[in-house]
Structures are given as structure tokens and as C-alpha cells.
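Input: a single structure, listed below in C-alpha cells.
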Amino acid sequence: MNKMVRHRLGIDKKRLTASFTGSLEAKEYFKKKVLEEAQEVFDAKTEKELHEELGDLIQIIKEFLDTPHVNKERVNLGRKLKNLEKGKFVSDDKIIILDKG
């Protein structure tokens, strides 16, 4: 299984391939990596793991935002409009939970 990895892992260079960030292939790898890192945040067992995995998730999102696939202004505008129309996930230091029962 191919996966996106950090560039300083010390992996045998014969096993590595590079793809330009603007390619459609790279876009798919970014999307998969965001999911992978989000799952690792969910699976974190300790505060240390949680902070490390949140850092990884933020890192990959920042790098994804710097690709030609994403327009940062549109992302921020969409976020702001959704916040105005539907509100935020945190309000007055409280998270909002929907009872699905």
C-alpha cells in the first residue's frame, strides 16, 4: 500500500517516489493522509499522543492548503459563512451534542 510520508524518515530512497503537489494523484494522497491523521487523533490514548497527532493533523492540513487544489480564501469564506448560518461547534465554552436516539 502506498502512502504519503514525511521526507526525513530515513527510508531507502529506492522505495520512495515523488509527486508534484499540483497533481491529481497528490490531491488523493493528501485526502487520504488527512483521514489517516484524524483517525490517529481519535485513537490517541495519552495526552502526549493526542498532542502529537493533533500536530500531525494540523501539519498535513496546512500543507494541503498550500497546494493548487485548495483555495485558502474560499475555504475561509466557506468556514465563516457556515459559522454565521449554522453556528460553531463550540459556543460559550460548551460543545453542542445531538441526541441521535
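Consider residue 101 carefully, then state whether it is at pLDDT below 95, exposed (fewer than 10 other Cβ atoms within 10 Å of the Cβ) and either under 13 Å from the mean Cα position of the chain (by Cα) or not aromatic (Phe, Trp, Tyr) (or both). Steps first, please.
Details: at pLDDT below 95: yes; exposed (fewer than 10 other Cβ atoms within 10 Å of the Cβ): yes; either under 13 Å from the mean Cα position of the chain (by Cα) or not aromatic (Phe, Trp, Tyr) (or both): yes.
Here the answer is yes, as residue 101 does meet what is asked.
Could you tell me which residue of the range 45-69 is farthest from residue 20 (Cα to Cα), considering only residues that are of a type in the set (A, V, I, L, M, F, W, C) and surrounded by 15 or more Cβ atoms within 10 Å (Cβ to Cβ)? Talk me through it step by step, then tell me what you get.
Initially, the range 45-69 is screened for residues of a type in the set (A, V, I, L, M, F, W, C), giving 50, 54, 57-58, 60-61, 64-65.
If we keep only those that are surrounded by 15 or more Cβ atoms within 10 Å (Cβ to Cβ) too, we end up with 50, 54, 57, 60-61, 64.
Working: 50: 30, 54: 25, 57: 21, 60: 15, 61: 17, 64: 12 Å.
The selected residue is 50.
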Members of the range 70-98 found to be β-branched (Val, Ile, Thr) and either farther than 30 Å from residue 23 by Cβ or at pLDDT 95 or above (or both), listed by number: 75, 90, 95, 96, 97
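State all residues of the range 22-59 that are in contact (Cβ under 8 Å) with a residue 40 or more places away in the chain and not small (Gly, Ala, Ser); if no residue qualifies, say none. Step through it out loud before you land on a result.
Of the residues in the range 22-59, the ones in contact (Cβ under 8 Å) with a residue 40 or more places away in the chain are 22, 26-27.
Result: 27, single match.
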Selection count where residues are surrounded by 11 or more Cβ atoms within 10 Å (Cβ to Cβ) and in a loop (DSSP other than H, G, I, E, B), scope the range 70-87: 2
Evaluation of residue 54 against (1) at pLDDT 95 or above; (2) more than 14 Å from the chain's Cα centre (by Cα) (one fails), failing number: (2)
Filter pass, residue 3 being touching a residue at least 12 places away in the same chain (Cβ under 8 Å), surrounded by 15 or more Cβ atoms within 10 Å (Cβ to Cβ) and not acidic (Asp, Glu): no
Candidate set from the range 12-32 (those that are surrounded by 14 or more Cβ atoms within 10 Å (Cβ to Cβ) and hydrophobic (A, V, I, L, M, F, W, C)); member that is modelled with the lowest pLDDT: 26
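The values are calculated or read from the model by the stated rules, or taken from the named source; none is laboratory data. Keep in mind the model is a prediction, meaning the values are calculated, not measured. Glycine gets a Cβ as well: all are built from the backbone with ideal geometry, and neighbour counts include every protein chain shown.
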